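Right, one structure below, let's go through it.
The values are calculated or read from the model by the stated rules, or taken from the named source; none is laboratory data. The structure presented is a predicted model; accordingly, all values stated were derived computationally and were not measured. Don't worry about glycine lacking a Cβ; one is built from the backbone with ideal geometry, like all the others, and counts go over all protein chains shown.
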Amino acid sequence: MDHRHRFAIVQFLLLAAAAVSSLSADSSADTPPIALCWGSSYSRGSSYQANLDALVNRLASGAASAGGFFNDSLGSNSTPDDAAAVVYGAAMCYADSRWVDCLLCLEGAASSAFAECPYSRNAAIMYRDCLLRYSEQPFSSKETERGHVLSLWVADFVDDVASWNGTRWKLMNRLVQEAAASPQRLANGSEPYGKDSTNMVYGMVQCRNDLTAQGCTGCLTYHLLYLLADFPNNVNTYANVRGFSCMAKHDRYPIALMAPPGAPPALPNPSSKTLKVPLIIGLATAACGIVLVLVSLFLYWRQRTMACGGSNEGGDMEGELIRNGAGPKRFGLDVLVAATGNFSDDKKLGEGGFGSVYRGFLDELDLDVAIKRVSRSSMQGRKEYASEVNIISGLRHRNLVKLIGWCHNHDELLLVYELMPNRSLDKHLYSADNILSWQLRYRIILGIGSALLYLHEECEQGVLHRDIKPSNVMLDATFNAKLGDFGLARLVNHSRGIHTTELAGTLGYMDPACLITGKFSIESDIYSFGVVLLEVACGRQPVVVVLDNTTHLVRRVSELYRRGVILDAADPRLGRDFDELEMDCVLVVGLWCTQHDQTLRPSIRQAISALRFEAPLPTVIDYICNN
């Protein structure tokens, strides 16, 4: 049995055990990866690509076998041509993740890494639970990737704020020294704070194992400076900052570290008087039940695995699509191949994390279309394919992109949409050639709001979009906005409340509460809508990093609002060529939608009423007070 089969079986058993013990159902696949790509590109079919494919899979299985970290290289330096094909790589699990999530993350990284940095010879990709890096050059043991990547926070009650703040930084500085001296480049601990020292602050830090002590210290110090800047001296009691080479976090509660498989916990002493017969019977019954569940899950897993490459899986998905959507047309693969010139590069409109989009022409319908081709290596993309067809096939609205049809032929998964001649909103919002006028921006904003109103309140079954951002807002020939990309969307029941327990979305547009609770609600869609309002009005991305300076758009606008000069936030490229009442309205509604307290955010109907001047604007104070 080779290492890949052993890895798969170990992973299955861990997943089954997780199911039996009712562990959290969230997955690192629901959190979009953050990728850093640089340097030159490799050619399709090259020796570098072959070595990279093999190395990435080796890194994932190696890290799983080695307890969470593995680095290696592949290739030979015997000739100049061989040397150009050598690849160096490393994979690491974040130590605050569960081991089962680590395995899931490593598997997902191995299958989706190339979609994040297509044909790049150098990449660092951060997932929620793990990190993957590869390069054409050996990693420097002293290097630290610059860039403040992710930070989360929770405001909690602290009795002695001064003691809390002093203690947490004392603890973090101590942990940096301990991690640098540790062979695992990992440290966690706690410190008492307060007058009676009965309360505790907990922390942990971690570096890539291959960093030197000096490199680990430098990386953690760099990111802790960002942590200090983002979480200044107040009552922020949970903070987490992650980079491409290290991470740090602190909390008021103990931080559990990842526990790779080891010896099982010891059972009570059989001679103990407390070990009663009923307990023995109960344990035996529970053990039998667990074995039965594991066997059932194994048989199901084996059946699914055997069907992965054949027609059975295709039949299951195809039946699901046919049962749930009679609207979109099913196309033959040959029709879509002909429509796109065999998916030629000159027909490609764009490329995303789970596949590519091509321009095509359907002779039978005499229609220009956009055809989304899901990457064969992306399991998340295949999941989103079925979700998108099932959800959008039942939706009809002028501000939603229309799904014309679909195709499922063996490994090929394709979606056919109406073509949006003006592509996505972000392409125009940041165009250096043509500045999007305020009249068009305002009309686009109302169009997005109209689409959300339909999804949240007017369609038969409520829909959470879960990924509202400018790149998912398409523009037709007359710049009417149409919301698209329903791969992360979920159907919900109006009568039971609109929420899900899966983490999804794009950082910068995602409700901070989702990152903390793992729950996505209708208010989370409203938060994303508010960020988009501010982005369209200001012409600035949600988070901007210039050198070592990070600017958060919502914070910037809220500060200008507090000072009574909110119009200063308007896109300077407009040159004051905008309706001031409309601009003020859009900015205030954007802040209203992004308030920290979810209960103070408006419904989409309330937001639209304010944007159309059918209702008065609120006074937004919650965000300023809490942020």
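Brief remarks follow.
- Across the range 180-199, a minimum of one residue is classified as buried (at least 20 other Cβ atoms within 10 Å of the Cβ), at pLDDT 90 or above and part of a helix (DSSP H, G or I).
- Residue within the range 616-623 that is buried (at least 17 other Cβ atoms within 10 Å of the Cβ), at pLDDT 90 or above and touching a helix residue (DSSP H, G or I) at 6+ places or on another chain (Cβ under 8 Å) present: no
- Which listed residue is modelled with pLDDT of 90 or more and in a helix (DSSP H, G or I), from D525, D577: D525
- Options D53, D2; residue that is at pLDDT 50 or above and among the acidic types (D, E): D53
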